[in-house]
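Right, one structure below, let's go through it.
The values are calculated or read from the model by the stated rules, or taken from the named source; none is laboratory data. None of these values were measured; they are calculated from a predicted model. Reconstructed Cβ throughout: ideal geometry from the backbone, glycine too, with neighbour counts over all protein chains shown. Please note that ligands, DNA and RNA were not included when accessible areas were found on the heavy atoms of the full protein model with its side chains. Shrake-Rupley method; radii C 1.70, N 1.55, O 1.52, S 1.80 Å.
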Amino acid sequence: MAHPEGSRAQREQRRGPVVRRHGQMQAGTTDQHLLDTRGAADWVHEDPFRVMRIQSEFVEGFGALAELPPAISVFGSARTPRNSPEYEAGIAIGRGLVESGFAVITGGGPGAMEAANKGATEAGGVSVGLGIELPFEQGLNPYVNLGVDFRYFFVRKTMFVKYASGFVVLPGGLGTLDELFEALTLVQTKKVTRFPIVLFGSAYWSGLVDWFRDTIVAEGKAGPHDLHLFHVTDDVEEAVRLVTKEAGR
């Protein structure tokens with residue numbers, strides 16, 4: 001008569017924290033798969049290997065940014081023209097943040113991001129660009145003096161928040177809105193503290209703010225106090241003052 005433990009061993013396979021049973025069991029051992037160099041290279045595209053890539057991106061990002069001085073993340077459209085008032089405002093904001101003792105972090109791309117990096121670099125500050133792998137390659141703009149490229153949006157977004165004391169948000173598209181609402185959610189749920197958010201350009205943001213107040217808050221989907229999670233301004237000096245004052249400088 002077979003031992004019960006032997007029968008169970010035939011029905012169950014344990015690999016670290018993973019338990020496989022019945023049709024999910026795999027042939028061979030973990031060491032065997034590691035040391036066996038024969039066969040296809042499909043494993044580099046599988047989820048367990050992706051976890052290692054994700055981990056390496058966190059390690060590289062943490063290592064590169066760990067010694068940053070206090071910083072502010074500046075967001076805005078990659079499509080902002082260089083000859084536009086928004087671009088000039090981005091330069092002035094980047095410069096003002098450095099003069100207030102902060103490094104500037106952007107997504108590292110062109111447009112409003114480039115403008116903020118340019119202002120920071122020309123003011124002699126730390127100008128950070130956190131790039132992202134996209135189908136339409138952009139590359140880091142020439143005003144970045146410390147850059148990190150990422151494969152994964154969620155790793156990059158962690159860096160924007162972890163190493164920044166606040167956000168200045170210039171007019172932008174879907175990526176900018178994604179970053180804005182990420183920040184609002186983190187502040188509302190108290191995942192981060194003392195994290196000022198300044199929206200620059202009242203004409204651009206007024207429709208969103210009206211919808212927030214007249215629809216989201218009016219229908220009880222958010223509280224009236226959530227309208228105080230952000231500031232709106234058209235003045236560069238006020239934007240810098242608001243974000244740096246609340247960030248502790």
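What tally of residues in the range 131-155 results from selecting those that are out of contact with any Asp or Glu (no Cβ under 7 Å at 6 or more places or on another chain) and touching a residue at least 60 places away in the same chain (Cβ under 8 Å)? Qualifying residue count, the range 131-155: 2.
Residues in the range 82-118 that are over 26 Å from F62 (Cβ atoms) and touching a Lys or Arg at 6+ places or on another chain (Cβ under 7 Å): 2 in all.
For the range 44-91, a tally of residues being part of a loop (DSSP other than H, G, I, E, B), within 22 Å of Q138 (Cα to Cα) and either out of contact with any Phe, Trp or Tyr (no Cβ under 7 Å at 6 or more places or on another chain) or of a type in the set (V, I, T) (or both) returns 8.
Does E238 meet the test of being in a helix (DSSP H, G or I) and over 26 Å from R156 (Cβ atoms)? For E238, the condition - in a helix (DSSP H, G or I) and over 26 Å from R156 (Cβ atoms) - is met.
Applying the criterion of being in a loop (DSSP other than H, G, I, E, B) and open to solvent by 60 Å² or more (accessible area, probe 1.4 Å) to the residues of the range 224-235, the residue that is nearest to P171 (Cα to Cα) is D234.
Within the range 99-127, the residues that satisfy the criterion of being closer than 24 Å to P196 by Cα and assigned to a helix (DSSP H, G or I) are E99, A112, M113, E114, A115, A116, N117, K118, G119, A120, T121.
In the range 91-103, is there at least one residue being open to solvent by less than 30 Å² (accessible area, probe 1.4 Å) and within 16 Å of T176 (Cα to Cα)? Within the range 91-103, not a single residue is open to solvent by less than 30 Å² (accessible area, probe 1.4 Å) and within 16 Å of T176 (Cα to Cα).
With respect to the conditions (1) out of contact with any Gly (no Cβ under 6 Å at 6 or more places or on another chain); (2) surrounded by 23 or more Cβ atoms within 10 Å (Cβ to Cβ); (3) of a type outside the set (S, T, N, Q); (4) closer than 30 Å to F49 by Cα, G108 lacks only one, and its number is (1). Are any of the residues in the range 200-208 within 15 Å of S73 (Cβ to Cβ) and of a type outside the set (D, E, K, R)? For the range 200-208, residues within 15 Å of S73 (Cβ to Cβ) and of a type outside the set (D, E, K, R): present. Selection of strands (runs of 3 or more DSSP E) fully inside the range 128-223 by the criterion of at least 1 residues being open to solvent by 70 Å² or more (accessible area, probe 1.4 Å) returns 146-150.
Inside the range 121-146, residues that are of a type in the set (G, A, S) and touching a Lys or Arg at 6+ places or on another chain (Cβ under 7 Å) make up a count of 1.
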